[in-house]
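One structure is given here, and the rest of the page talks about it.
The values are calculated or read from the model by the stated rules, or taken from the named source; none is laboratory data. Note that the structure is a prediction, hence the values are computed from the model and not measured. Positions of Cβ are backbone-derived with ideal geometry, glycine not excepted, and every protein chain shown enters the neighbour counts.
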Amino acid sequence: MNFEHSDKVKDLMARITAFMDEHIYPIEQDFRMWNAREANRWKVWPGFSELKEKARAQGLWNLFLPLDYGEFSPGLTNLEYAPLAEIMGRVPWAPEVFNCSAPDTGNMEVLAKFGTPEQQAQWLTPLLEGRIRSAYLMTEPGVASSDATNVETSIVREGDEYVINGRKWWISGIMEPECKLLLIMGKTNPEADRNVQQSTIIVPRDTPGVSIARNLRTFNSWHSPGGEAEVLLENVRVPVSNIILGEGRGFEIAQGRLGPGRIHHCMRSVGQAQRALELMCKRADARVAFGRKVSTQGSVRQDVARSYAEIEQARLLTLKAADAMDRVGNKKAMDLIAAIKFVAPQMAQTVADRAMQVHGGMGFCDDTPIAEAFIVNRFLRMADGPDEVHMNQLGRLKIKQYAEED
């Protein structure tokens, strides 16, 4: 692998870094405090629109779509996008400013790759322009949804319509006021082979029968304005033309959607860990305890050394996975994608934990972004499949590979 970034990527890295320095970090604390107020729950911070306009005007927009998405791609490979996502991810909400945040990214990838021209015109274009937001409804409370074939929501054809019934939960982004589009995964043919029972269908957010059963607090936070929610689907009717790619293709779509999404999360985790390490070093050098700088403590230096090494290891694995996705495709790179998905969030959580200890009481409140990084990455160890699923998949792949070798 060539470890040197191209001039194009270096330029984008510099421009995103400058944007973060000028527009994101200075208002980070104001954003956090505004968002924490009860009166502002499920409202979008007023400054978002202006920030998005500035990012788009500077060409820092939709950078996530890889080369194989045709006319919609900005022309970057996964490997080229990785360092950009890391910089954006240093502030968990910043990727939205660049129209590079989940769940919209995954939904845009689905529509760009599999959508009909009509579906793209109606839904992909406004998503690419940042005029609307979206949600992806797969996970269900009654089944182990880390295996997408387990979903039980029914999608039944009646004439020129599909009727959808089911219950979904941990649906991120659905409380966002600008959420207008839902991509729902359910079963169109329960009697078919296991991997072709499911389908993915477009449902406008305001369709009758779509309701919020309850909002789900995560680590004592509502995650406003997008939130997480349990969603009830009761006799939801949409046109037959809303099916994506045809009946029985839902599992295929889900697998294609989750691969890039997983690695995007990992890129951002590396950025959050890197920032936590930098803050840990600055705090250790400035803080005096028991008559000497904390930075002189051997245990603190060991924590810094371990953190640096673990971040570098995770970054390199992320880059290797991204490079493999570009060269051989997501399916053949699934071993590396699985590996980084359980490595990166755990690494970032561990580094954040060390940084919290070095900061003392300051590390546990909103005076720094470290506690948020800890929580975000603990959550990510379950999102897009728990660590155990990825380790099980990777273990199975490697056992089969090595057992079959002479």
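Descriptive notes on the structure:
- Verdict on SER199 being on the phi < 0 side of the Ramachandran plot, at pLDDT 95 or above and of a type in the set (Ser, Thr, Tyr): yes
- ALA18 closer than 30 Å to LEU316 by Cβ, surrounded by 16 or more Cβ atoms within 10 Å (Cβ to Cβ) and not assigned by TED's automatic domain parsing to the domain that holds ARG275: no
- Residue-level analysis places GLY226 among those that are under 25 Å from GLN120 (Cα atoms), touching a Cys at 6+ places or on another chain (Cβ under 9 Å), small (Gly, Ala, Ser) and buried (at least 22 other Cβ atoms within 10 Å of the Cβ).
- Single residue of region 257-274 satisfying the filter (small (Gly, Ala, Ser) and closer than 17 Å to SER146 by Cβ) that is modelled with the highest pLDDT: GLY261
- Members of region 153-208 that are more than 30 Å from THR125 (Cβ to Cβ), among the small types (Gly, Ala, Ser) and not in a strand (DSSP E or B): ALA192
- Failed item in (1) assigned to a helix (DSSP H, G or I); (2) over 30 Å from ARG214 (Cα atoms), with GLN29 passing the rest: (2)
- Scanning region 111-150 for residues that are of a type in the set (Val, Ile, Thr), over 21 Å from GLU176 (Cβ atoms), assigned to a loop (DSSP other than H, G, I, E, B) and not assigned by TED's automatic domain parsing to the domain that holds CYS100 yields a total of 1.
- Meets criteria (among the charged types (D, E, K, R), touching a residue at least 12 places away in the same chain (Cβ under 8 Å) and either crowded, with 20+ Cβ neighbours inside 10 Å or within 17 Å of VAL300 (Cα to Cα) (or both)) for ASP366: no
- Residue within region 336-345 that is surrounded by fewer than 23 Cβ atoms within 10 Å (Cβ to Cβ), in a helix (DSSP H, G or I) and not hydrophobic (A, V, I, L, M, F, W, C) present: no
- Annotation: MET382 fulfils all but one of (1) without any contact (Cβ under 8 Å) to a residue 12 or more places away in the chain; (2) part of a helix (DSSP H, G or I); the unmet one is (2).
- Among the residues listed as ALA36, ALA82, ALA55, the single one being among the small types (Gly, Ala, Ser), within 23 Å of the chain's Cα centre (by Cα) and closer than 25 Å to PRO126 by Cβ: ALA55
- Out of ALA94, ALA82, one residue alone is among the aliphatic types (A, V, I, L, M), crowded, with 17+ Cβ neighbours inside 10 Å, more than 20 Å from SER172 (Cβ to Cβ) and touching a residue at least 12 places away in the same chain (Cβ under 8 Å). It is ALA82.
- Count - residues of region 315-330 that are surrounded by fewer than 24 Cβ atoms within 10 Å (Cβ to Cβ), touching a residue at least 24 places away in the same chain (Cβ under 8 Å) and either in a helix (DSSP H, G or I) or not polar (S, T, N, Q) (or both): 6
- For ARG133, the stated conditions hold: it is surrounded by 21 or more Cβ atoms within 10 Å (Cβ to Cβ) and not hydrophobic (A, V, I, L, M, F, W, C).
- Unmet requirement for VAL156, which otherwise passes all of (1) outside the structural domain of CYS179 (by TED's automatic domain parsing); (2) out of contact with any helix residue (DSSP H, G or I) (no Cβ under 7 Å at 6 or more places or on another chain); (3) more than 15 Å from PRO204 (Cβ to Cβ): (1)
- Region 203-220, subset among the hydrophobic types (A, V, I, L, M, F, W, C) and under 20 Å from the mean Cα position of the chain (by Cα), residue farthest from ILE253 (Cα to Cα): PHE219
- Any hit, region 293-304, residues being of a type in the set (D, E, K, R), closer than 30 Å to GLY395 by Cβ and either surrounded by fewer than 18 Cβ atoms within 10 Å (Cβ to Cβ) or touching a Pro at 6+ places or on another chain (Cβ under 9 Å) (or both): no
- Cross-chain or 6+ apart pairs with Cβ under 9 Å, region 280-296 first and more than 18 Å from THR368 (Cβ to Cβ) and in the same structural domain as SER307 (by TED's automatic domain parsing), then among the charged types (D, E, K, R) and surrounded by 11 or more Cβ atoms within 10 Å (Cβ to Cβ): LYS293/ASP285; LYS293/ARG287
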